[in-house]
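Undergrad: Before anything else, here's the structure in question.
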Amino acid sequence: MHLTKLCKARPERAAGWGTQPLTDLSWLLDADLGNSEHGAVGRMTIEAGGGQEPHRHPGSEEVSLVLEGSGSALVNGEWVSIEMGNLLYAPANSSHSLTAGPEGLDLLVVLSASSGAAAGWEPASKATPPTTTAEEVGGVALPKVLTGLETDEVELDDPATGFIGMNARWLATDEICDTGSIVVGNSRFAPHGGAHELHRHAQAAEVFIVLSGEGAQLDADGNEVPVEVGEAALLPKGSWHGFRATGPEEVRAVFGFLGATSLEDAGYELAAMARSAS
């Protein structure tokens, strides 16, 4: 398990990624922070009036989730309004951009590449290739704005499967937006004990970021490791892990898989069932 607090995140200063007007990007998890092999996660803020020039990432798809604020996203040559809870999904090599409205934007950025450098950052071409289908331009899939409500929130309260007082909703998967190796979702845990008991994913790493409330990650032995709001946890592929709400308020969190496109693709094994089988 690797935990990164916002105060220990690494600011991005490279051209493109870290030099857009009135923007600030810091990586929470990547190849250097946590030895991530399958993706990178960052926090980006864009002040009112700021934004990115249209660009693309040759080596990575990107999911950007709006945590707070509002603004606009450039999708297939048109600006689309975005607000808290919306997402921008940009396939590799697709031209996209984000600008902030009067409230600014606070975003969680998830890449399929292990770092910003591996993803690459290039200004979008001024030339528009011929459209091949409604979903592609010049053979490159188009970015999409998602509402965050494409699927229903699911109530999970079944100790036999490891869920106690938990709700979850899928935000970006292969079925929702045709991701290639990223999954993003959000979850809620009931106060004083809502939990996802010890489990592991054989085919993907998991990321977990607490947005509000008090809780603890569970290590491989089931011990509680307290986490704070804004802290990002990387749970490597095949490692036992879990989470438990420990305070008097509901915990809200964002989770994701790096290296998979769905829970079925990532795999799921509950520690209690593995122990009983052995």
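Undergrad: Given the DSSP H assignment, sum -39500 (n - 2.57) over each helix run of at least 4 residues in the chain and divide by its residue total; what's the result at 222 nm in deg cm²/dmol, nearest 500?
TA: -1000 deg cm²/dmol
Undergrad: Using amide H atoms built in the peptide plane, which far-off residues or other-chain residues are under 5 Å from residue 84 H to H?
TA: 69
Undergrad: Residues with beta-carbon under 11 Å from that of residue 72, excluding residue 72: net charge, scoring Lys, Arg +1 and Asp, Glu -1?
TA: Counting the neighbours of residue 72, the net charge comes to -2.
Undergrad: Would you mind giving the three semi-axes, in whole Å and largest first, of the ellipsoid equivalent to the chain according to its Cα gyration tensor?
TA: The three semi-axes for the chain are 32, 19, 17 Å.
Undergrad: Next up: Please check: in the Gaussian network model of the chain (C-alpha springs, under 10 Å), which one of 90, 205, 216 has the largest mean-square fluctuation.
TA: Of 90, 205, 216, the Gaussian network model singles out 216 as fluctuating most.
Undergrad: Right, next: If the only charges are +1 at each Lys and Arg Cβ and -1 at each Asp and Glu Cβ, what is the size of the charge dipole of the chain around the Cα centre, to the nearest 20 debye?
TA: Roughly 620 debye for the chain.
Undergrad: On a C-alpha basis, how far is the centre of the stretch 204-263 from the centre of the stretch 6-27 in Å? Whole number, if you could?
TA: 24 Å
Undergrad: Calculate, in nm to one decimal, what residue 265 and residue 220 gain on full extension: separation in residues at 0.36 nm each, minus their alpha carbon distance.
TA: 14.0 nm
Where a number appears in this text, it was derived from the coordinates with a stated rule and is not lab data. All figures in this text were calculated on a predicted structure; none of them were measured in a lab. Glycine gets a Cβ as well: all are built from the backbone with ideal geometry, and neighbour counts include every protein chain shown.
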